[in-house]
Amino acid sequence: MSDAAADEPRFALLGDGSTLDDDLLYQLYAYPEVGGWSVRGNAIASLDGGATTGGTSGGLGGSGDRRLFAVQRELADVIVVGAGTARAENYGGARMSAGQRQRR
């Protein structure tokens with residue numbers, strides 16, 4: 001295993017012990033292929049229920065949380081963020097690489 005691979009977060013499916021590569025992670029979080037629309041939410045909190053640490057939510061998650069957050073953002077057609085969060089986290093517009101656009 002390369003050093004870069006060792007730093008990557010590992011996700012496991014409950015029960016079978018297999019790890020998830022990016023392709024399977026995208027497949028598991030893909031939207032259903034039924035007509036109509038769907039809404040998905042994502043939130044993080046500390047054990048004591050706090051939504052921030054040091055004034056932002058970014059410090060609450062680890063590399064696995066950030067990886068999953070990025071997958072969910074990439075798959076979304078619309079991203080809604082509260083004004084206070086956008087200011088505190090210094091969010092800009094959502095941008096995708098050519099590879100991400102092609103994967104969609």
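Answer yes or no: is there a residue in segment 18-29 that is part of a loop (DSSP other than H, G, I, E, B) and modelled with pLDDT of 85 or more. Yes, because at least one residue in segment 18-29 is part of a loop (DSSP other than H, G, I, E, B) and modelled with pLDDT of 85 or more. Only one of the numbered conditions (1) surrounded by 11 or more Cβ atoms within 10 Å (Cβ to Cβ); (2) in contact with a helix residue (DSSP H, G or I) (Cβ under 8 Å, 6 or more places away or on another chain); (3) of a type in the set (D, E, K, R) is violated by residue 40, and that is (1).
Listed here are the residues, each with its yes/no results for (1) among the aromatic types (Phe, Trp, Tyr); (2) over 22 Å from residue 80 (Cβ atoms); (3) out of contact with any helix residue (DSSP H, G or I) (no Cβ under 6 Å at 6 or more places or on another chain).
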| residue | (1), (2), (3) |
| --- | --- |
| 31 | yes, no, yes |
| 48 | no, yes, yes |
| 52 | no, no, yes |
| 63 | no, yes, yes |
| 66 | no, no, yes |
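I'd like to verify a number: residues in segment 62-104 that are within 16 Å of residue 31 (Cβ to Cβ) and not hydrophobic (A, V, I, L, M, F, W, C), how many? So the answer is 7. Inside segment 43-62, residues that are in contact (Cβ under 8 Å) with a residue 24 or more places away in the chain and surrounded by 11 or more Cβ atoms within 10 Å (Cβ to Cβ) make up a count of 4.
If you go through segment 61-102 and keep only what is over 13 Å from the mean Cα position of the chain (by Cα) and not in a loop (DSSP other than H, G, I, E, B), you end up with 83, 84, 85, 86, 87, 88, 98, 99, 100, 101, 102. Once segment 67-104 is narrowed to residues that are basic (Lys, Arg), modelled with pLDDT of 85 or more and surrounded by 11 or more Cβ atoms within 10 Å (Cβ to Cβ), the residue that is nearest to residue 19 (Cα to Cα) is 67.
The values are calculated or read from the model by the stated rules, or taken from the named source; none is laboratory data. Bear in mind the structure is a predicted one, so any value in this text is a computation, not a measurement. Ideal geometry is used to build each Cβ from the backbone, glycine not excepted, and the neighbour counts take in all protein chains shown.
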